[in-house]
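The values are calculated or read from the model by the stated rules, or taken from the named source; none is laboratory data. Just so you know, these numbers come straight off a predicted model, no measurement behind them. Ideal geometry is used to build each Cβ from the backbone, glycine not excepted, and the neighbour counts take in all protein chains shown. Accessible surface is based on the protein model in full, side chains and every heavy atom, while ligands, DNA and RNA are left aside. Shrake-Rupley method; radii C 1.70, N 1.55, O 1.52, S 1.80 Å.
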Amino acid sequence: MVKNILVIDIGGSKILTALASVEISKTKVMDSLRGIQKQTLAPACGIDGVRKTITELVQQTLNAARCDLANCHAIGVTIPGVADAKTGRWVYAPFSGIRDYPIGDELRHRYGLPVFAENDVNACAWAEKIFGVCQGVNDFLWITISNGIGGGLVLNGRIHPGAFAGAAEMGHIVVVEGGQLCGCTHRGCLEAEAAGPAIAKRFTRMLEANRQLRESCSLPEVTAQTIAEAARNGNPAAIETFRTTGHLLGRAAAFAANIVNPEKIIFGGGVSQAFELFADEMKKTFTEQAFQSVNSKVTLERTGLGYEAGLYGAASLAVDA
């Protein structure tokens, strides 16, 4: 039987919605997404902005998918930052400042459907096991690189949230002593050094320090995405920016592998679309810094779920339930 699940992926700077049609059998889970809608989200939009955007996008998704609410079976929501999966409460998000938002109860009352909510990276990790490249893998780490950096950990075939719902907070591993200031108040965290905004800042600093590089590169807007395009076109500053990013990601992955000893480490998020630009340096650093006697077979891979990993993550919550 096919189940229609409304899926909502809340990110640091955007919200995506879609209708996931999921069919579960004894041997496989099949999933397809229809009516995908996207809207940017201002950092200071607050709960009211999130609420308004979700309401608009859900209706647009239903219209585009030509599906009535009566034909939907559940809602899956991925939440950035700290989430309480048992209550569906958005506890806190450093990027937006939103805290203590009972989003699960609100959506349940609004739409009259069961709601399943979880931290976005935990959900993506679980989706990778159900739909992606970790089917059959019971121990792996999922790292998202976007406006921030987060992690989801699967151990013994289940999500491992940690004692205080903070397991695999990869973004706050210090990789540069005395480095850039992070939103968590520490310096040199992976998020402050290798997330999308950090990539743009490093590139800008490099140009400011070198007139020749500055004159050879003109971008309409400096973002991780435009820097990636410049790197693909051979720009030396852009190439070096992603090389440094790969080195830092490799360091953090090595730290994690030495503690967890996973079978795979998976990279998702918007910056992972430039995986080929940082993968070689990342894997080289990982090999140099991870304890090879037990981690030589660990593979570092890009997500198999692409840009829609968060939507698949939201769907996986309802599938799991």
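Values for this structure:
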{"quantity": "Fully extended contour minus Cα-Cα distance, from Ala44 to Asn258, at 0.36 nm per residue", "calculated": "73.3 nm"}
{"quantity": "Charge dipole magnitude, Cβ of K and R +1, D and E -1 - region 209-288, Cα centre, debye nearest 20", "calculated": "120 debye"}
{"quantity": "Pairs of Lys in the chain closer than 17 Å at Cα, counting only those 8 or more apart or on different chains", "calculated": "13"}
{"quantity": "Square roots of 5 times each gyration tensor eigenvalue, C-alpha, region 193-236, largest first, Å", "calculated": "16, 13, 8"}
{"quantity": "More than 19 angstrom apart: percent of Cα pairs within region 157-293", "calculated": "53 percent"}
{"quantity": "Solvent-accessible area of His247 with every protein chain in place, 1.4 Å probe, in Å² to the nearest 10", "calculated": "60 Å²"}
{"quantity": "Cα radius of gyration and Dmax for region 125-193 (Å)", "calculated": "13.7, 41"}
{"quantity": "Carbon plus sulfur fraction of accessible area for the chain, probe 1.4 Å, in percent", "calculated": "51 percent"}
{"quantity": "Counting DSSP beta bridges with both ends in the chain, the antiparallel % (nearest 5)", "calculated": "65 percent"}
{"quantity": "Value at 222 nm in deg cm²/dmol, rounded to 500, when DSSP H runs of n ≥ 4 in the chain each add -39,500 (n - 2.57)", "calculated": "-12500 deg cm²/dmol"}
{"quantity": "Span per principal axis, largest first, for the Cα atoms of region 1-145 (Å)", "calculated": "44, 38, 25"}
{"quantity": "Estimated FRET transfer efficiency when R0 is 25 angstrom, pair Lys297-Arg243 (beta carbons, to 0.05)", "calculated": "0.50"}
{"quantity": "Accessible heavy-atom area order of Asp9, Asp84, highest first, probe of 1.4 Å", "calculated": "Asp84, Asp9"}
{"quantity": "Å² of accessible area per residue within region 140-224, as computed with a 1.4 Å probe and no ligands counted", "calculated": "51 Å²"}
